[in-house]
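K.L.:
Here it is: the structure, laid out below.
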Amino acid sequence: MSKVNPPNEKPANGNQQPKVGVYVCRCGGNISDVVSVEKVAEAAGQMPDVVVARQNTFMCSHPGQQMIVDDIAKLGLNRVVVAACSPRLHELTFRKTLVRAGLNAYLFEHANIREQVSWVSKSDPEGATAKATRLVGAAVAKVRLSRPLDPIKVDATRQVLIIGGGVSGLRCARDLSQSGFRVVLVEQSAALGGRLTELGRLYPVQVEAREVLHSLISEVSRDAAIQVLTSAEVTAVSGSIGNFSVAVRCAQQETTIHVGAIVLATGFDTYEPLPGEYGYAEFPEVITLPQFVRLLEKQGPSDGQLQRNGRPVKNVCLVHCVGSRQIEGIHQPGPDGRLHEYCSRFCCTAALQAANEIRARFPAVNVFDVYRDIRTYGRGHESYYEQASKQGVIFFRFLAEQLPQIRRADADGSALVVQVKDTLTWGEDLEIPADLVVLVTGAVPRDLSRLIDMLKLSRSPDGFLQEVHPKLRPVETAVSGVFLAGGCQAPMDVGESCTAASAAAARVSAALLKGYVELEPFAAVADPALCTGTGACIEVCQHQRAISLVDVMADGVTLRRAQVNPALCGGCGMCVPACPHGAIQVDGWRLEQFEAMVDAIAADY
Amino acid sequence: MSEVQQARRPKILLLATTACAYPGADYVGQIHSEYSTDTYIIRVPALAVFPPEFYLRCFQKGIDGIIAMSCGHECPYPGAYERFAERIGRAQELMKRQGLDARRLRTTAICTVCGRAFLKEVQDMVQRVAQSGGQLVGK
Amino acid sequence: MSAGSSTGETVQQRLVFDALVVGGGIAGLQSAIELGDQGYKVLIVEKAPSIGGKMIGLSKVFPTLDCSSCICTPRMAAAAHHENVTIFTYSEVRRTERAGSRFQVEVVRKPRYVHEADCIGCRLCEYACPIHVEHEFEGNLGARKAIYVPFANAIPQLALVDLEHCVFCGLCEKACPTHAINFLQQPEEIAVEVGTIILATGYKMMSPERLKLYGGGRLRNVLTSLQVERLLAPHGPYGRVLRPSDGKAPSSIGYVQCAGSRDQSVGVSYCSRVCCMYAIKQAMLLSGSLPMVDITIYYMDIRAFGKGFEQFFQNAKAMGIEFVKAKVGRITEDENQNPVVRVEVMEQDGRVEERKHDMVVLSLGLLPGWDPSGVVPAEIAEDGFIRSADPLLAPARTTAEGIFVAGAAAGPKDIPDSIVEAGAAAMEAAIYLRRNGSSSNGDERAVNEQAAVVAQGRG
Ligand SMILES: Cc1cc2nc3c(=O)[nH]c(=O)nc-3n(C[C@H](O)[C@H](O)[C@H](O)COP(=O)(O)OP(=O)(O)OC[C@H]3O[C@@H](n4cnc5c(N)ncnc54)[C@H](O)[C@@H]3O)c2cc1C
Ligand SMILES: Cc1cc2nc3c(=O)[nH]c(=O)nc-3n(C[C@H](O)[C@H](O)[C@H](O)COP(=O)(O)OP(=O)(O)OC[C@H]3O[C@@H](n4cnc5c(N)ncnc54)[C@H](O)[C@@H]3O)c2cc1C
């Protein structure tokens, strides 16, 4: 199932006397305003094996990188240190620079002197300069002991698991199948479609959700490369990118499938107001937007008639931001203990669409819209707002500090009264009659604790699944081979969900296309010259079959020695201290390298 | 830098995990909070890689304080956090046996956005190191 | 590889790629990288002399506040170094014809008057040039020369001559160590065959001249939001924040939201989607660099809708930035060139007030970057941006088969949304290529290698 590289042959440039180039970045002032970049470079020039030390305004820029390439060619550098921003931004950039210049990518070391020095030491430039110098010293000390490494290549299964059969999952499945992948789509409920099965007309094009789903679902079900499992759930996951083993329970049966990547398309839940919140669960006339959308359906509970408790509705009042944009001290946390501080993004336009639909279908019904900010941000959304104003929807605006109150009406007429301190009329206290109050509820993260545990995912502070970086890697999770599509990452409308789903498909496709995946080479290696075959490393190792004892022949004698399968090794290094002889080390992070870094930090420059 | 002779500045080592504490330290930078320049961060995939003796050697080399910043139970490597905790326990035992103040070695879990916790831990260690002055300097 | 440019004659070439990406902003770069990562050969045609689009000129970016060029430069470098990506900067698409499922495209490379293969980007020409011109990259707040490298972290690092301002004194020719300057250079036409097209032509800013009630661009201390991005950039024109008229550090700044958006009177009824967030971001950054400054944001609705945006907005409020719900009717200035805004403040008693600030920033709306009519067979919608054929299921698909759209070209959009959309457009384009049996086969690869050579030193 997996291919293992031959043990390191150590290309030429690893064994030679180290010749280190050090490059200190000014970051256009971000670093050099605090750290004396000149002094750091000067001190670096004196460090052992350093052949050249330079500074530049933007090391990451083309000329900055070119400077390294040129020095490698001219001065015969075989190791490089860049002191700049966090390695999380540019370590890869510079590894690639080395490769372009013909050096092994792992003969590079990054010193973080922006996020961890200049940005946190404004008032102590001298201390910052000394600190940056020591960190450069540590990087030099480490890189001197670096060896060339080769990426670990693992054969990848060209089959993908998608969890969640809403519009995001369906869209992603189609994209992947059309790119030549096999797809298994696991949906926990009995039917495909997710949230859209409960919706009517969709903004921004006024198409029925049913029609949108119908076209997509029929494409998916006709597609021989997509296997759909409904009423199914994922019960266990093991393995890693290229080769995940996933146990799926479906119709009382457990099957194991092998996939190269996993896409999460589990969507979101809608907010369920707390009992008593704006009269919810207290007055039957108070309902949520999803319930109201059902009510408007021709096939809905009242055949599309606008009725509540058998009484015709004359006045409808929409209240926005229920369960969204919550503020500590004003709002109560939900049952999950979470305050929903974020904006749910789609509900303003969805609510206005409902408002317009009432005005169009029931011209005699008054619509009042009570909001904090109208966020019709997207393409075509603003016209819903304009149309609502034109069609006579009446707007009131409240501040979070003065939430509207809902109570029973004293007199005949409408059942309820919504009290608002309306900032559009300069803070006047107004009373709005309402036969029906619609709470515009937003999205909340689903309870995905089992999946999160199984896949070792993390959540953003808002509780939705977290991407690696919103701009650099927006659809990837920190677990390589696991991707995000749609509403599980943040509230999104259909267009945005489909866009995210396609973007995830593009990333999966790039990762698995070749039929193998390249992994970072940071795996344990056992040195047969030091190993005596105690097996202590195997005892502590948590990765099945990553280390085994094998027979090796040396001078005509057969010996038992530890051997690591790098594709299965997680690179945690737990085995390192277990070995009584120091025979097992993690490539790229060997203990002697850490010791050398500490020496450099302890030293004075 | 010869001034170093006159006023020796303390050196605090922050061992920070790649998945959590290191990005946590970056986060403190991104919000431009300030903390002592006597701190040196080393990025480590998992702290379980260090044998107990590693920490003792650091003190011998002249490091005044160490904060081992892990991912805690969020550790992406199964079992590594537990193994690390064991080894740190053992290191602290060894420190006591050698007459070293065990408070010079702290462990804490720092998440990717745990800016406040990070600053507090650093601040505490800076104070601890400053208060105990020369006594803390290992030999 | 002079390709005729130094002799002044136009040489016809035919290059073959899987995909053409029009526009080398963040969306175009990301689409090209995504396609390149899937093994497709891509040509990016960028009309400006550097790739990077608007993003490379921004200061720090919401919602994470990381420095814009730190995110953008790696993407620029990744595209420029990608084995499957070729870049033509300072070039434009002139005509496109459909040929079966593929397209024949005519690309024009504009003359830089600097021989690209010889220019080493050393800037000696720039230092020698006696002419100072307002620098577009610095929002006209700084100056450049008539021969110049577009900006510090431009890709490629090649000089170009601005003929409009050049006085032909010849000093640059003397200064150039590689004799790269050539005033006789002619536009170069290149015929390109591609399997699919992605439009990523981004946006332009509403011109302040069109906003007569806001001073029509004549008030000195009324800046555009893009100018403030440059003031805030660590390597910006002044190196710090000050107001243009007298160099004073402003102690009171007003932001006018929806300046040229959501406003029928200037013909823009849509929301420009990024202005609330960039105004909040700039206000936070300004508070950081001018500790005593008071900032007021005059807004209609605060639209902080994306992931982490609302929390960002609440932080700004907690920092003391004042948000006033009001439509600004008019901006004038007093005798000291202090801008005066006339507002109807809704939250109080609705009275009309005149408020004086040291500096006012117009949060200008975003307009379409390009109208493809007659050049690429894609349609634009009523808002002027490229029309999406299926806004629900496939927003990146245009009404023309095989042509896709990404980023702000399909309507105002922030960076995270542009990047995700670029991935989607690339996915759509890849599927289109597969369906039509297009992929780099042997023949094409040979031509592509040739293309890569031709493009060397220019991308
Ligand atoms: C009231 C309302 C009105 C709206 N109106 C509009 C509109 O007019 N226009 C518009 O564009 N958008 C609208 N939206 C937004 C739209 O609903 C979402 O964009 C869309 O549903 C997101 O799709 P998704 O596939 O990401 O998530 P979902 O639709 O939530 O689908 C997720 C799927 O994953 C499944 N799942 C979850 N967990 C698991 C698990 N552990 N294992 C297996 N399967 C799992 C679920 O059962 C579900 O089928 C509206 C939303 C609401 C609430
Ligand atoms: C003041 C301001 C501040 C902002 N701050 C932020 C922020 O903090 N965070 C955030 O997420 N977003 C921010 N944005 C939004 C951000 O600028 C856009 O999201 C982003 O630039 C969109 O990228 P793009 O590639 O789609 O378009 P662009 O950046 O406009 O790039 C389009 C490219 O196409 C080229 N082009 C145009 N026409 C042609 C043609 N015919 N042929 C060839 N090339 C062509 C252009 O020269 C340009 O290089 C801000 C915007 C403004 C105005």
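The values are calculated or read from the model by the stated rules, or taken from the named source; none is laboratory data. All of these numbers come straight from a predicted model, not from anything done at the bench. Glycine also receives a Cβ, built like all others from the backbone with ideal geometry; neighbour counts cover every protein chain displayed. Surface areas here come from the heavy atoms of the whole protein model, side chains and all, with no ligands, DNA or RNA. Shrake-Rupley method; radii C 1.70, N 1.55, O 1.52, S 1.80 Å.
K.L.:
Is the shape of the protein assembly as shown best called rounded, prolate or oblate, per the rule: a/c under 1.5 gives rounded, else a/b larger than b/c gives prolate, else oblate, with a ≥ b ≥ c the square roots of the Cα gyration tensor eigenvalues? Walk me through the intermediate numbers first.
P.N.:
Working: a/c = 1.39, a/b = 1.22, b/c = 1.14.
Rounded, since a/c falls under 1.5.
K.L.:
By how many degrees, 0 to 90 and rounded to 10, does the Cα axis of helix A:167-178 deviate from the longest principal axis of chain A?
P.N.:
Orientation of helix A:167-178: about 50 degrees from the principal axis.
K.L.:
Work out the charge dipole of chain C with +1 on the Cβ of Lys and Arg and -1 on the Cβ of Asp and Glu about the Cα centre, then indicate which of C:A259, C:V45, C:L433 is farthest towards its positive end.
P.N.:
C:A259
K.L.:
Just to confirm the number: angle between the C-alpha axis of helix A:591-602 and the first principal axis of chain A, 0 to 90 degrees, nearest 10?
P.N.:
Approximately 90 degrees, to the nearest 10.
K.L.:
How high is the relative contact order of segment A:382-493, in percent, counting Cα pairs under 8 Å that sit 6 or more residues apart? Walk me through the numbers on the way to the answer.
P.N.:
Working: 127 pairs, mean separation 15.5, N = 112.
Relative contact order of segment A:382-493: 14 percent.
K.L.:
Using +1 on the beta carbon of Lys and Arg, -1 on that of Asp and Glu, and nothing else charged, what's the dipole of the protein assembly as shown about the Cα centre, debye to 20?
P.N.:
On the way: 123 positive and 129 negative charges, 338 e Å.
Dipole about the Cα centre, nearest 20: 1620 debye.
K.L.:
Let me ask another. Could you tell me which of the pairs C:K248/C:K356; C:K307/C:K327; C:K60/C:K204 are separated by over 23 angstrom between their Cα atoms in the structure shown? Walk me through the numbers on the way to the answer.
P.N.:
Details: C:K248/C:K356 15 Å; C:K307/C:K327 27 Å; C:K60/C:K204 19 Å.
Listed pairs above 23 Å: C:K307/C:K327.
K.L.:
Expected output is a single nm value to one decimal: the length gained when fully extending between A:A224 and A:R473, i.e. 0.36 nm times separation in residues minus the C-alpha distance. What is it?
P.N.:
On the way: separation 249, 0.36 × 249 = 89.64 nm, distance 3.09 nm.
Extra length from A:A224 to A:R473 when fully extended: 86.5 nm.
K.L.:
With a/c under 1.5 counting as rounded, go ahead and sort segment A:271-443 into rounded, prolate or oblate using the C-alpha gyration tensor (a ≥ b ≥ c being the square roots of the eigenvalues; past the cut-off, prolate if a/b is larger than b/c, else oblate).
P.N.:
On the way: a/c = 1.27, a/b = 1.16, b/c = 1.10.
Here segment A:271-443 falls in the rounded category.
K.L.:
Continuing with the same structure: Can you compute the modelled spin-label distance between A:A236 and B:E53, with each label point 7 Å from Cα toward Cβ, in nm?
P.N.:
Calculated label separation equals 3.9 nm.
K.L.:
Each label point is 7 Å from the Cα along the Cα-to-Cβ direction; what then is the distance between the points at B:E86 and A:L145, in nm?
P.N.:
Between B:E86 and A:L145, the simple spin-label model gives 2.4 nm.
K.L.:
Let me ask something additional. Please give the solvent-accessible surface of C:D246 in Å², to the nearest 10, using a probe radius of 1.4 Å with every protein chain present.
P.N.:
It works out to around 90 Å².
K.L.:
So for segment A:95-157, taking the charge dipole from beta-carbon charges (+1 Lys/Arg, -1 Asp/Glu), which of A:N104, A:A128, A:V154 sits furthest toward the positive end?
P.N.:
A:N104
K.L.:
In whole angstrom, how far apart do the alpha carbon centroids of segment B:69-111 and segment C:85-130 sit?
P.N.:
Rounded to whole Å, the Cα centres lie 58 Å apart.
K.L.:
So how tilted is helix C:275-289 from the main axis of chain C? Cα-based, degrees 0 to 90, rounded to 10.
P.N.:
Compared with the principal axis, the helix lies near 70 degrees.
K.L.:
Which residues does the label zone of A:D551 cover in segment A:497-539, counting backbone N under 17 Å from a point 7 Å along Cα→Cβ?
P.N.:
A:533
K.L.:
Taking R0 as 51 Å, what FRET efficiency do you get between C:K212 and A:Q252 from their Cβ-Cβ distance, rounded to the nearest 0.05?
P.N.:
Details: r = 73 Å, r/R0 = 1.42.
Here the calculated transfer efficiency is 0.10.
K.L.:
Just reorder A:H90, C:H179 by solvent-accessible area, largest first, 1.4 Å probe, all chains present.
P.N.:
Details: A:H90 5, C:H179 145 Å².
Putting A:H90, C:H179 in descending order of accessible area: C:H179, A:H90.
K.L.:
Applying the Karplus parametrisation 6.51 cos²θ - 1.76 cosθ + 1.60 with θ = phi - 60° to the phi angles of segment A:567-578, what ³J(HN,Hα) value in whole Hz is obtained for each residue in order, glycine and proline being reported as x?
P.N.:
The phi angles translate into 6, 9, 6, x, x, 6, x, 4, 6, 4, x, 5 Hz.
K.L.:
How high is the relative contact order of chain C? Use alpha-carbon pairs under 8 Å, at least six apart in sequence, and give a whole percent. Spell out each step's value before the answer.
P.N.:
On the way: 1042 pairs, mean separation 92.5, N = 459.
Relative contact order here is 20 percent.
K.L.:
While we're on this one: Based on alpha-carbon centroids, what's the gap between segment C:230-258 and segment A:486-523 in Å, whole number please?
P.N.:
Between the Cα centre of segment C:230-258 and that of segment A:486-523, the gap is 40 Å.
K.L.:
Let me spell out the model: positive unit charges on the Cβ of Lys and Arg, negative unit charges on the Cβ of Asp and Glu, origin at the Cα centre of segment C:53-141. What dipole size does that give, in debye rounded to 20?
P.N.:
Rounded to the nearest 20 debye, it is 340 debye.
K.L.:
Can you pick out the pairs among A:K96/A:K471; A:K122/A:K471; A:K421/C:K317; C:K145/C:K325; A:K74/C:K174 whose Cα atoms lie more than 32 Å from each other? Walk me through the intermediate numbers first.
P.N.:
Details: A:K96/A:K471 20 Å; A:K122/A:K471 27 Å; A:K421/C:K317 21 Å; C:K145/C:K325 43 Å; A:K74/C:K174 28 Å.
The pairs that break the limit, which is 32 Å between Cα atoms, are C:K145/C:K325.
K.L.:
Pull up the cross-link candidates among the aspartates and glutamates for C:K110, meaning alpha carbon to alpha carbon under 15 Å and not fewer than 8 places away within one chain.
P.N.:
Here the aspartates and glutamates satisfying the reach criterion relative to C:K110 are C:E9, C:E46, C:E92, C:D162, C:E164, C:E188, C:E189.
K.L.:
Which ³J(HN,Hα) values, rounded to whole Hz and listed in residue order, are derived for segment C:207-220 from phi using the Karplus coefficients 6.51, -1.76 and 1.60 in 6.51 cos²θ - 1.76 cosθ + 1.60 with θ = phi - 60°, glycine and proline given as x?
P.N.:
With the stated coefficients, segment C:207-220 comes to 7, x, 4, 6, 9, 4, 5, 9, x, x, x, 9, 7, 5 Hz.
K.L.:
Restricting things to alpha carbons, tell me how big segment A:524-587 is in terms of Rg and Dmax, in Å.
P.N.:
Both quantities, over Cα of segment A:524-587: 11.0, 35 Å.
K.L.:
Okay, next question. For the protein assembly as shown, build the charge dipole from Cβ charges (+1 Lys, Arg; -1 Asp, Glu) around the Cα centre, then report which of B:Q60, B:T39, A:P333 sits farthest towards its positive end.
P.N.:
B:Q60
K.L.:
Okay, moving on. Once label points are set 7 Å from the Cα along Cα→Cβ at both C:R123 and C:E354, what is their separation, rounded to one decimal in nm?
P.N.:
The modelled label-to-label distance comes out at 4.5 nm.
K.L.:
With a ≥ b ≥ c the root eigenvalues of the C-alpha gyration tensor of segment B:3-131, is it rounded (a/c under 1.5), prolate (a/b larger than b/c) or oblate? Don't skip to the answer; put the middle values down first.
P.N.:
On the way: a/c = 1.99, a/b = 1.06, b/c = 1.88.
Since a/c reaches 1.5 but b/c is at least a/b, the shape of segment B:3-131 is classed as oblate.
K.L.:
Kindly write out, for segment A:201-208 in residue order, the coupling ³J(HN,Hα) from the Karplus curve 6.51 cos²θ - 1.76 cosθ + 1.60 (θ = phi - 60°), rounded to whole Hz, with x marking Gly and Pro.
P.N.:
6, 10, 6, x, 10, 6, 9, 5
K.L.:
Let me ask another. In what sequence, largest accessible area first, do C:Y278, A:Y377, C:Y238 appear using a 1.4 Å probe?
P.N.:
Values: C:Y278 20, A:Y377 0, C:Y238 75 Å².
Largest accessible area first, the list is C:Y238, C:Y278, A:Y377.
K.L.:
To continue, here is another question. Pull up all non-local amide H partners of C:V21: gap of 5 or more, or a different chain, and H-to-H distance under 5 Å with H placed in the peptide plane.
P.N.:
HN-HN under 5 Å from C:V21: C:L43, C:I44, C:V45, C:I198.
K.L.:
Please average, across the residues of A:376-388, the number of beta carbons from any other chain that are within 10 Å of each residue's own beta carbon, and give a whole number. Before the final figure, lay out each step's value.
P.N.:
Details: counts 7, 15, 11, 14, 7, 4, 9, 4, 0, 4, 4, 0, 0.
Whole-number average of other-chain Cβ neighbours for A:376-388 is 6.
K.L.:
Ignoring ligands, DNA and RNA, how do A:W589, A:W426 rank by accessible area with a 1.4 Å probe, largest first?
P.N.:
Values: A:W589 30, A:W426 125 Å².
Descending accessible area places them as A:W426, A:W589.
K.L.:
Quick check for me: using +1 on Lys/Arg Cβ and -1 on Asp/Glu Cβ, what's the dipole size of segment C:104-172 about its Cα centre, in debye to the nearest 20?
P.N.:
Details: 6 positive and 9 negative charges, 28 e Å.
Result for segment C:104-172 is approximately 140 debye, rounded to the nearest 20.
K.L.:
Which of the lysines could a cross-linker span from B:K96 if the Cα-Cα distance has to be under 26 Å and same-chain partners fewer than 8 positions apart are dropped?
P.N.:
B:K11, B:K61, B:K120, B:K139
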